[in-house]
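The values are calculated or read from the model by the stated rules, or taken from the named source; none is laboratory data. All values derive from a computational prediction rather than experimental measurement. The area values use the complete protein model at the heavy-atom level, side chains included, leaving out ligands, DNA and RNA. Shrake-Rupley method; radii C 1.70, N 1.55, O 1.52, S 1.80 Å.
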Amino acid sequence: MMLQIQDTLVTLDLAEEFFCCDLDRCLGACCIEGDAGAPVTLDEIGKLEEVFPLVASDMAPRAVEEVENNGVAYPDADGEMVTTLLDDSACAFCTFGKGGVCLCAIDKAYREGRVGWRKPASCALYPVRLRKYKDFTAVNYHRWAICKPAVENGRRLGIRLYQFLEGPLTEYFGKEWYAELKTASELWIKEKEDAGGKA
């Protein structure tokens, strides 16, 4: 069963699961681990090319060289365009903060007012992944062991996944869409609790 919100089908995981990133514990591993970069659209590739010169100073020198030689993105095994990696591991656009926490160089520059774009939607929305079909978009939860600290932190703080991602989801789908998701999620949780189930 899924929640139908406008022209999307949303997994119930967004309502049921707890989630809140805990960078002190995971150290931003989602930007380092994995076998491919972050999915990007053609429009986002253009934005990556635009901000690259403005964020290069925060990137590792070898990562800058990798982007200069091979571009900001490449097709993965499925032919989907993803951000360039350094050594087939970390996203080339990584930078590192206190305690070795991996951060997005683009997001850092955005917060500092140096660029006007935060980062690719797939990064902002993670751990939500979108899959577009002819008549609808599926909004799914991507479970990954490295995000266990985020699940534990969300449960401790009482923050559901849809609540944690309110900003990115609103930015991507709009205020009306998010308001519908919030209402539907609250109703679903209440129904489960009223039925004696754990929500």
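Only helices enter this figure: runs of n ≥ 4 DSSP H residues, each worth -39500 (n - 2.57), summed and divided by the residues of the chain, yield -12000 deg cm²/dmol at 222 nm to the nearest 500. In straight-distance terms, cross-link reach from LYS47 covers every one of the aspartates and glutamates whose alpha-carbon lies under 16 Å from its own, apart from those fewer than eight places away in the same chain; here that gives GLU68, ASP107. Shape class of segment 28-92 from the Cα gyration tensor (axes a ≥ b ≥ c, square roots of the eigenvalues): oblate, since a/c reaches 1.5 or more and a/b does not exceed b/c. Straight Cα distances below 25 angstrom link LYS192 to the lysines LYS148, LYS182, with same-chain residues fewer than 8 positions distant left out. For CYS102, the accessible surface of its heavy atoms amounts to roughly 10 Å² (probe 1.4 Å, protein chains only, rounded to the nearest 10).
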